[in-house]
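As structure tokens, the structure follows; a few thoughts come after it.
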Amino acid sequence: MKRSAFASFFLIFSISFQAICIELTERDYRVYDALLHKKSEIQNVQSKSFISTNSGKEIKNIISLLKRNDEKKREYVCQFPARAYWINERFYLNEDISFEHCPDLKKYLDSISAESISLVYASENLTSPSSFMGHTYLKINGQNEKEHAVSYFTEVDTINIPKLMYDSIVTGKEGYFIVSPYQESEDYYSDIESRNIYEYHLGLADFEVKLISLHLWELKDKRIDYFFHTHNCATITLDILGVVNPSIIKPGSDWLSPLDVIKIVNQSDMVTQATVKPSLNWRLRAYGREVSNFEKETLLGYLKNDSYILERNLVNKPALYYHYLLALNEMLYLDNLITEVKWLNNENIIDGHFLDKNYTSIDVSNFKNPLRRSSDSQIAIQLVSNHNEDYLQFDILPASHLLTDDNRHAFSESSLKLLSPKVILSKNKFKLEKFELYSIAQYIPYDPIAGGVSGYFSIGYSGFDIYQFDSESRFYSNAGLGLSVQPHPSLQLYSTFGLEASLAHGNIWLTPAFDVGAFAYLKGNNKVSFSSKILYNEFGSGGYGIESKLQNSYFWESNKSLVFGFKHKKVDYGHEQISASAGVKIYY
């Protein structure tokens, strides 16, 4: 008995000594912190079991635990299978870690049957506050074509924008982490929200695929607070991939967008292949670019009513014409404007005139490619000169983009500003000119088939009037609707009518506005933006004003641009001002 007790003590001591003597590398610490979603002192998973105070000590304690063969080890393996699996493989503790004694975990692993993992990006949808920056999530590709989506999100349950921003940035909102059938996510983003879905296939080893799959199980039912600027769908998606590549994890203070995530992952050489599933709305617009509006309406009638005439008009047409007809036919069927029999009959007719369709592929890698868009954050410094005073203007945009930016690879000409300050510095003044809490604008070309309404909405605070060069303290909110047309791929025209409500010094007034504008992409990587707006009762004065702006953006590099602009404003009581500006913008 004494020898047995001594032998047991010696074994435990030996195991503990081996654990203590293990030398941990910097990567070991980074991987373990990634498994805990820990960045310096920031703990992004709030559940107590995830909170770590000493990573090195914990790793050694887990090593000691895994070398044992008792109930505590079995409980730990079921609760934290990813940590157990990584430590076992990293430090060669056993031949294999078994999960047979973990029924719920085993059921989960059998259900997903993970063989590979993809990063998915659903493009932006400016009509939805929860989707205006796009969405990233993971896709688990399993055996027998099993596919699951792994997504983190929060519910947008209010139209009160100030409250939504406060909850999302200051107090945090409850986050939801789910694993669901992938087809449900694809149908929702593609068919209901009309977003393009980009899938980036990751070249992960079997060990890495299994490690991520087990880590997802560890996140189940854990408290993970959502913060719009520091911990969102983009952050947690990148952090999950960081357990196999810690170098891609960004500091907790970084503001990450879904666009940032797909760029970071693609730059890390993790992506082996990329595919895109374009939405029906995208296909109608992209494939119909060379089809006149009159011909679109005519083809619509043929598909709905006259298959014989349709067949006669399908001789010697280009490949895009064929793809456009398929999209048009699908739209009619989904809108219940034709029967399933009619839809299939139309498809057979179209297919019959394109016998070589199987040999026809469309390369969309350079058309609306999100990887070629500018980054979602920017800062601009401009020197402004007018008859009042010369001054420096600083624009800070923590998230997204402007109408004057390069939007050729976005779905439409659009802008998004969140918590965006504009500051001016002159010889005698340092002022907050404007603070935009939330501002969106979208100018999508009208199409007789796909439709398209343009408009804008914003809410913010104006602290300084640059035209009169004097302080003001005004809260405002405005909205407008209109139409946009695109007579040429490089030229877009628009017109909107809107209304602005202002509150200042206890007074409230409304300002109707009518504006026209244009965007033109020129040779040499230049973009010209022009707008002219007629305003009535701008300062509650009952008078009219005309404000015109012209700006040229020269996209110097992928992350830099030079901007030159002119502004002119005239009001009916004679005040007039012309200003010129020049500066640089950096995207990051």
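For segment 539-560, the set of residues classified as over 28 Å from the mean Cα position of the chain (by Cα) and either open to solvent by less than 40 Å² (accessible area, probe 1.4 Å) or of a type outside the set (D, E, K, R) (or both) consists of 539, 540, 541, 542, 543, 544, 545, 546, 547, 548, 550, listed by residue number. Hey, any hits in segment 452-470 for a residue that's assigned to a strand (DSSP E or B), at pLDDT below 95, hydroxyl-bearing (Ser, Thr, Tyr) and touching a His at 6+ places or on another chain (Cβ under 8 Å)? No, segment 452-470 contains no residue that is assigned to a strand (DSSP E or B), at pLDDT below 95, hydroxyl-bearing (Ser, Thr, Tyr) and touching a His at 6+ places or on another chain (Cβ under 8 Å). I want to confirm something. Restricting to segment 92-128 and keeping residues that are at pLDDT below 85 and touching a helix residue (DSSP H, G or I) at 6+ places or on another chain (Cβ under 7 Å), which single residue is surrounded by the most Cβ atoms within 10 Å (Cβ to Cβ)? Looking at residues that are at pLDDT below 85 and touching a helix residue (DSSP H, G or I) at 6+ places or on another chain (Cβ under 7 Å), I get 93. Among the residues that make up segment 51-71, is at least one of them part of a loop (DSSP other than H, G, I, E, B), free of Cβ contacts under 8 Å to residues at least 40 places away in the same chain and over 25 Å from residue 235 (Cβ atoms)? Checked segment 51-71: at least one residue is part of a loop (DSSP other than H, G, I, E, B), free of Cβ contacts under 8 Å to residues at least 40 places away in the same chain and over 25 Å from residue 235 (Cβ atoms). Pairs linking a residue in segment 499-521 that is closer than 16 Å to residue 460 by Cβ and touching a residue at least 24 places away in the same chain (Cβ under 8 Å) to a residue that is open to solvent by 70 Å² or more (accessible area, probe 1.4 Å) and in a strand (DSSP E or B), with Cβ atoms under 6 Å and 6 or more positions apart or on different chains, are 501/510; 503/475.
Looking at segment 492-506, is at least one residue farther than 22 Å from residue 409 by Cα and among the aromatic types (Phe, Trp, Tyr)? Working first, answer last.
Restricting attention to segment 492-506, the residues satisfying the condition of being farther than 22 Å from residue 409 by Cα are 495-506.
Still in the running and among the aromatic types (Phe, Trp, Tyr): 497.
Yes - at least one qualifying residue is present in segment 492-506.
Do you know which of the residues in segment 448-460 that are in contact with a Lys or Arg (Cβ under 8 Å, 6 or more places away or on another chain) and buried (at least 17 other Cβ atoms within 10 Å of the Cβ) is nearest to residue 531 (Cα to Cα)? Residue satisfying both the conditions and the ranking: 458. Screening the candidates 536, 554, 521 for the property of being in contact with a Gly (Cβ under 8 Å, 6 or more places away or on another chain) and under 20 Å from residue 409 (Cα atoms) yields one hit, 554. Screening segment 298-406 for helices (runs of 4 or more DSSP H) wholly inside it with 2 or more residues that are under 30 Å from residue 432 (Cα atoms), at pLDDT below 95 and open to solvent by less than 30 Å² (accessible area, probe 1.4 Å) returns no ranges.
Name the residue that is most open to solvent (accessible area, probe 1.4 Å), counting only residues in segment 34-50 that are more than 17 Å from residue 89 (Cα to Cα) and not in a loop (DSSP other than H, G, I, E, B).
Residues of segment 34-50 more than 17 Å from residue 89 (Cα to Cα): 36-50.
Filter again for not in a loop (DSSP other than H, G, I, E, B), leaving 38-39, 42-43, 48-50.
Values: 38: 32, 39: 23, 42: 76, 43: 39, 48: 181, 49: 48, 50: 0 Å².
The selected residue is 48.
The values are calculated or read from the model by the stated rules, or taken from the named source; none is laboratory data. No experiment lies behind these values; they were computed from the predicted model shown. Neighbour counts are summed over all protein chains in view; Cβ atoms, including those assigned to glycine, are modelled from backbone coordinates with ideal geometry. Ligands, DNA and RNA are excluded from the accessible area calculation, which covers all protein heavy atoms including side chains. Shrake-Rupley method; radii C 1.70, N 1.55, O 1.52, S 1.80 Å.
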